[in-house]
1. Just the residues that are exposed (fewer than 14 other Cβ atoms within 10 Å of the Cβ), more than 18 Å from Ala139 (Cβ to Cβ) and in contact (Cβ under 8 Å) with a residue 12 or more places away in the chain, please, taken from the range 72-87.
2. Can you tell which of Ala45, Ala70, Ala111 is among the aliphatic types (A, V, I, L, M) and within 26 Å of Asn153 (Cα to Cα)?
3. I'm trying to understand the selection: among the residues of the range 112-135, which are touching a residue at least 40 places away in the same chain (Cβ under 8 Å) and assigned to a strand (DSSP E or B)?
4. Only residues that are modelled with pLDDT of 95 or more, of a type outside the set (S, T, N, Q) and either open to solvent by 30 Å² or more (accessible area, probe 1.4 Å) or on the phi > 0 side of the Ramachandran plot (or both): list them for the range 39-54, please.
5. Can you find a residue that is part of a loop (DSSP other than H, G, I, E, B), within 15 Å of the chain's Cα centre (by Cα) and more than 30 Å from Arg81 (Cβ to Cβ) anywhere in the range 172-183?
6. Of the residues Ser61, Ser97, which is open to solvent by 40 Å² or more (accessible area, probe 1.4 Å) and either at negative phi or free of Cβ contacts under 8 Å to residues at least 24 places away in the same chain (or both)?
7. Could you check Ala138 against (1) touching a Leu at 6+ places or on another chain (Cβ under 8 Å); (2) outside any strand (DSSP E or B); (3) crowded, with 20+ Cβ neighbours inside 10 Å and say which number it fails?
Amino acid sequence: MSWSSPPPWSNGDEASYLKPRQKTTRVSGETQHSVPAVDPTLIHAPISTVWTLIHSFDRYSEWNPFIRHAWVDGNPTPGKRITCVLPGPIWPLWIFSPETFTRIEPPRELAFPSSHLPPLPEGMSYVQDENGTVHGRAAWMEFIFDSIIAKLNLVRSFRVQRMLEAPVALANGGKRAVTVYETWDDLYGPAAHLAFFGWCQSGLEAQTAKLKARAEEIESKVDEKDIQQQTV
């Protein structure tokens, strides 16, 4: 089985890429399919900030607790190899995970239903048209697991990181952009149970939490700088 874009859970249209994923585990015969997934997470920062953090692989050690290091063979484009270093489920085990990019889409304009977005805090509302459509931006990054066990079809993995930026109206009349971040890992194959579902799930959750904290820290410094300039 060869995976390329569109991935196996997609019917090939753009809307399918926006459907929320749910973490699950199911077994069919000798083949297990598990999906460690993080619920859509609201980040109070524009997509450009989130994308820069995700796309700066050489700086993962500064914030990412799940993928501690990452090396890319040349420019990150579909077909290029990335090697990720992850702390294993048992200390002091480290895992070297060779993967291949299948899709890299920097932020671009895209319209999508507001139903794909999580609820906002009180005093904030998504800016949408009369049809409930949000005109925002989106970005994707996707990889396939590319080790020898994947080539032998023992465990196949399709990892996705998706970002949706939406304009938000504030109670004080102002506007700002927020980003909804999602990540999941489709695991297939007769040895998929060896991929440590719980370890992968907790790793994705830790990565998402740190990404949110780092992006919002950067954005708060930008806001503080803007206020200082306005008061000068």
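The values are calculated or read from the model by the stated rules, or taken from the named source; none is laboratory data. What you see is a predicted model, and the numbers here were worked out from it, not measured in a lab. Note that each Cβ is placed from the backbone with ideal geometry, even for glycine, and that neighbours are counted across all protein chains shown. For accessibility, only protein heavy atoms count, side chains too; no ligands or nucleic acids. Shrake-Rupley method; radii C 1.70, N 1.55, O 1.52, S 1.80 Å.
1. Gly79
2. Being among the aliphatic types (A, V, I, L, M) and within 26 Å of Asn153 (Cα to Cα) holds for just one of Ala45, Ala70, Ala111, which is Ala70.
3. Phe112, Pro113, Met124, Ser125, Tyr126
4. Within the range 39-54, just His44 meets the criteria.
5. Checking the range 172-183: not a single residue is part of a loop (DSSP other than H, G, I, E, B), within 15 Å of the chain's Cα centre (by Cα) and more than 30 Å from Arg81 (Cβ to Cβ).
6. Of Ser61, Ser97, the one residue that is open to solvent by 40 Å² or more (accessible area, probe 1.4 Å) and either at negative phi or free of Cβ contacts under 8 Å to residues at least 24 places away in the same chain (or both) is Ser61.
7. (2)
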